[in-house]
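Structure, as structure tokens:
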């Protein structure tokens, strides 16, 4: 729209491109659109394709459901898998998603792939810290000193 205003003021396309920070070819293309369809022709158009199966409100609702945890949703562990999320979507919203495509939906919500760390129940953090501080420096190989 800034380019359209500058073009209306009679500024050359190359100067408009420099001021707006784009290529002169883009400004020329915009100028043609303005001459045929007016400034309204530059407005964003809806993306073609299928509408999302879940609305924005449903996606926010899904996120709140997922934040409650997998155990709260009837699973034995707190691990969310794509298959589990697909089941929750079908149970709560009546919409079926293939588990392989649930990942795209989760990425859109800002979720990332995380796996719980496996650690032994008997793990003694204090003993590990002591070992690292006292024993590891003696075991660790050091580069040989050059003469």
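Among the residues of the range 60-73, the ones that are exposed (fewer than 15 other Cβ atoms within 10 Å of the Cβ) and in a helix (DSSP H, G or I) come to 7 in all. Of the listed requirements (1) at pLDDT 90 or above; (2) in a loop (DSSP other than H, G, I, E, B); (3) closer than 30 Å to residue 16 by Cα, residue 36 misses just one: (2). Looking at the structure I just gave you, is residue 26 more than 30 Å from residue 8 (Cβ to Cβ) and surrounded by 11 or more Cβ atoms within 10 Å (Cβ to Cβ)? The answer is no for residue 26.
Could you please let me know if residue 17 is in contact (Cβ under 8 Å) with a residue 24 or more places away in the chain, part of a helix (DSSP H, G or I), out of contact with any strand residue (DSSP E or B) (no Cβ under 8 Å at 6 or more places or on another chain) and farther than 29 Å from residue 112 by Cβ? No: the conditions fail for residue 17. Taken over the range 39-59, residues that are under 30 Å from residue 2 (Cβ atoms) and surrounded by 11 or more Cβ atoms within 10 Å (Cβ to Cβ) amount to 3.
The values are calculated or read from the model by the stated rules, or taken from the named source; none is laboratory data. Since we're looking at a predicted model, the values are computed, not measured. Note: ideal-geometry Cβ built from the backbone for every residue, glycine included; neighbour counts use all protein chains shown.
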